[in-house]
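Here is the structure we will look at, set down as structure tokens.
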Amino acid sequence: MTTKLSRYSDGIMEAVWLAALVTVPVFFNIYSSRIFEPDKLALLRSLTLLSLGAWIVKLIEQGGVLWEMARDPGERWHQTLLKIPLLRQIAVFIGVFLVASLFSISPRVTFWGSYQRLQGAYTTFGYLVIFATLAAHLRRREQVNRLILTVILASLPIGLYGILQKFQIDPVPWGGDVSRRIAANMGNSIFVAAYLILAFPLTLGKIVESFTAILEEEERVAANVARGTIFVFTAAIQLIAIYLSGSRGPFLGLLAGTFVMVLLLSLYWNKRWLTWTIMGSAVAVLAFLIVFSLPNGPLTSLQGRTGLGRLGNVFDVDSGTGRVRVLIWEGAAKLVALHKPIEYPDGSKDLFNFMRPLIGYGPESMYVAFNNFYPPELANIESRNASPDRSHNETWDALVTTGFIGFLAYLTVFTSIFYYGLHWLGMINGPRQRNLFLGLVLGGGAATAAGFMAWGGVGLFGVGFPYGMLTGLAVYVALISLFSRYTPPQTEGEKLRALTLMMFLSAIIAHFGEIHLGIAIAATRTHFWAYTAVLIAVGYVMTRKGVYGTLLTPEEEGTTQETLPADSSESKKAAKKQKRTVRRAVTRGEQPAWQRFSIIGGSITAFMLSTLGYDYITNSKRVISAADILWTSLTTLPNKEFQVSYGILALLITLWLAAAVLFTAENK
């Protein structure tokens, strides 16, 4: 039974996951010695404890787990959990992670996290709390749309701040040069681009939704034009910031995610010519990258420059950061192989050495274990005071920290996400297509890994396998697009569901491409787990109960399903009725819908602005922060040497206007 207390608990949990999607990427603390990752994660941990407490209160209030939208009559709650897609794979991943943590060579660091990263077991279970609360309580279109808008709006000030850094009008006095390659709110050029490629597919999807509404809806034209303009502006800021970061891994991830997104959109629109155009463009881009990276090719003069010029060094494994990564990967390969027990400085030895290839050394433990396999050449290339704590490759990180079993678990999670994402989009139906998908994805990974290792050694396995998987995934989507009978979504609800799935699936694909040349950080991990939960909610739970006006296939649901022709009068009447129902549903009690949307949108905007205000309040350069500007308009400055940071003021005003327009225009 739903009570007022349980509804308050639901509200707290939604506020927490929205706050996490804002604070983790936006927040940094200039008054801390660590500034970025640990401080972001300290906030995330606190938020997840609040969410967990609200969930416990709700469970006590309603007398247990209800799962009313995913549960069949007479079914126990654990049976419901086991049949929900992806949950079993994630449960296995959690089990393997626990085993690796239990047998860690540095249990304290494994649990709490290292001083530099704080990415220990405690933080990982914080991510899982965000995932679980989203998967269990995301039940309305309104909530999904609010989450998407929050992610898009949070990315806008980050991209704008990076542009301010490029033009050297940043009021915060950073120690390094952030004008050559921007770092924005992440403190690292790779990290900021890795985050923005997770927001771009959502922005692209909202652009498609907005322009479709402009062309098809006769009402609310001005509102649709306004929100479409904001989304285009935000997407442009995101792409500019990604370019200014000059980071290769995020570039490749963005290319992979955008290719799949646009290819899926060609099916969504049922435009075969667009499918062929995208395929041709992908081949052209791949050929360009190969020519661009040739040692003595026609574009050699552009290689290594900031921006896209750094893509010319993607395949350079003999110098620079490419050589650094290869040496770390080679050391990681020796670390995960069976070898003599490691003797630590205090004289102790690893009692579980024989198990390390299977269970790894424990999360956050690479810093300790790698010293025995540190390549001497690495010290001559990179000024490093100690062993690396990350491989700059998720595959090798998984093998080192959780072993071969953990690598299989992590691989299963990503493969299952790709599989179910395409399955819910109607692109994998039946054993034949399933086997083709697995054959291309896993076979492509194995074949590419073998080729990379033959070319550059065993260290390139960590790059070859995931990028081979992405290649196989792209080939599968292309084959289905060109040669399969795909039925595009017909009703308004089905179109919205398909577009939402495309956004989040493409973002996860982009993330998967990026983390194998970089490091998964607090912002990207938070968004990955949140996006995975949204996929489950939209693709399975909400669809199962007809939230998007459609049900699962008869084979999955065990019921018959009637489909109306797209152009039938009955279908149009049903769509109009559904729209009226949704509009009425957003009213709670006597409170008008516009008032409710305004309160929620205003609260989210105020939270973003207050977080940004904390970020930029500093007197290190005698600069007046945005918060002080309002005060100075009412008083007289006693010291004329102070300077107003008009760039930050413009950033805050831009965010405020964009949020006001979007939350107003989306109130329909």
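The values are calculated or read from the model by the stated rules, or taken from the named source; none is laboratory data. Since we're looking at a predicted model, the values are computed, not measured. Virtual Cβ from ideal backbone geometry, glycine too; neighbours counted across all protein chains shown. We work out accessible area using only protein heavy atoms, side chains counted, and drop any ligands, DNA or RNA first. Shrake-Rupley method; radii C 1.70, N 1.55, O 1.52, S 1.80 Å.
I need the phi-derived Karplus couplings for the stretch 2-8: 6.51 cos²θ - 1.76 cosθ + 1.60, θ = phi - 60°, integer Hz, Gly and Pro marked x.
7, 10, 5, 5, 5, 5, 4
Summing Lys, Arg as +1 and Asp, Glu as -1, what charge do residues with Cβ under 15 Å from the Cβ of Thr48 carry, Thr48 excluded?
+2
In a Debye calculation with equal point scatterers on the alpha-carbon sites of the stretch 420-539 and no solvent, what is log10 I(q)/I(0) at q = 0.10, 0.12, 0.19 Å⁻¹?
Normalising to I(0) and taking log10 leaves -0.37, -0.52, -1.11.
Along the positive direction of the dipole of the stretch 195-248 (beta-carbon charges: Lys, Arg +1; Asp, Glu -1; about the Cα centre), which of Ala241, Phe200, Ala223 reaches farthest?
Of the listed residues, the answer is Ala241.
How do Thr48, Thr3, Thr412 stack up against each other in accessible area, from largest to smallest, with a 1.4 angstrom probe?
On the way: Thr48 5, Thr3 30, Thr412 65 Å².
Order by accessible area, largest first: Thr412, Thr3, Thr48.
Express in Å², to the nearest 10, the accessible area of Ile617 obtained by rolling a 1.4 Å probe over the protein heavy atoms while all chains stay in place.
Rounded to the nearest 10, the figure is 70 Å².
Tell me the relative contact order for the stretch 74-159 as a rounded percent, counting alpha carbon contacts under 8 Å between residues six or more apart.
After rounding, I find 10 percent.
Any idea of Glu377's accessible area? Nearest 10 Å², probe 1.4 Å.
Surface open to solvent at Glu377 totals about 80 Å².
How high is the relative contact order of the stretch 469-547, given as a whole-number percent (alpha carbon pairs under 8 Å, six or more residues apart)?
Relative CO of the stretch 469-547 lands at 33 percent.
Just order 476-484, 401-409 by mean Cβ neighbour count inside 10 Å, highest at the front, would you? Before the final figure, lay out each step's value.
Working: 476-484: 17.1, 401-409: 21.7.
Highest-to-lowest ranking by the protection proxy: 401-409, 476-484.
Ordering Phe167, Phe437 from largest to smallest accessible area (1.4 angstrom probe), what's the sequence?
Greatest to least solvent exposure: Phe167, Phe437.
Note down the nm distance, to one decimal, between modelled labels 7 Å out along Cα→Cβ at Ala226 and at Arg140.
2.2
For the pair Glu343 and Val92, how long in nm is the line joining their label points, each one 7 Å along Cα→Cβ?
Roughly 4.0 nm, to one decimal.
Keeping every protein chain in place, order Ile197, Ile653 by accessible area at 1.4 Å, biggest value first, i.e. largest first.
Descending order: Ile653, Ile197.
Explain nothing, just compute: Karplus ³J(HN,Hα) = 6.51 cos²θ - 1.76 cosθ + 1.60, θ = phi - 60°, for every residue of the stretch 81-98 in order, whole Hz, x for Gly and Pro.
After applying 6.51 cos²θ - 1.76 cosθ + 1.60, I find 4, 5, 8, 6, x, 6, 5, 5, 5, 5, 4, 5, 4, 5, x, 5, 4, 5 Hz.
In the stretch 331-476, carbon and sulfur make up what percent of the accessible area (probe 1.4 Å)?
With neighbouring chains kept in place, the figure for the stretch 331-476 is 63 percent.
How far is it, in nm, from the label point at Glu218 to the one at Leu657 when both lie 7 Å from their Cα along the line to the Cβ?
In this crude label model, Glu218 to Leu657 measures out at 3.3 nm.
Send over a whole-number figure in Å² for the accessible area per residue of the stretch 201-260, probe 1.4 Å.
Values: 2190 Å² over 60 residues.
With the other protein chains kept in place, the stretch 201-260 gives 37 Å² per residue.
How much accessible area per residue does the stretch 334-454 have, in Å², with a 1.4 Å probe?
46
What FRET efficiency comes out for the pair Ala606/Trp455, r = Cβ-Cβ distance, R0 = 41 Å, nearest 0.05?
It comes to 0.15.
Quick one: how many Å² of Thr471 are accessible to a 1.4 Å probe, rounded to 10?
80
Please work out, to two decimal places, the log10 of the ratio I(q)/I(0) at q = 0.15, 0.17 Å⁻¹ from a Debye calculation in which every Cα of the stretch 146-248 carries one identical scatterer.
Those come out to -0.61, -0.73, one per q.
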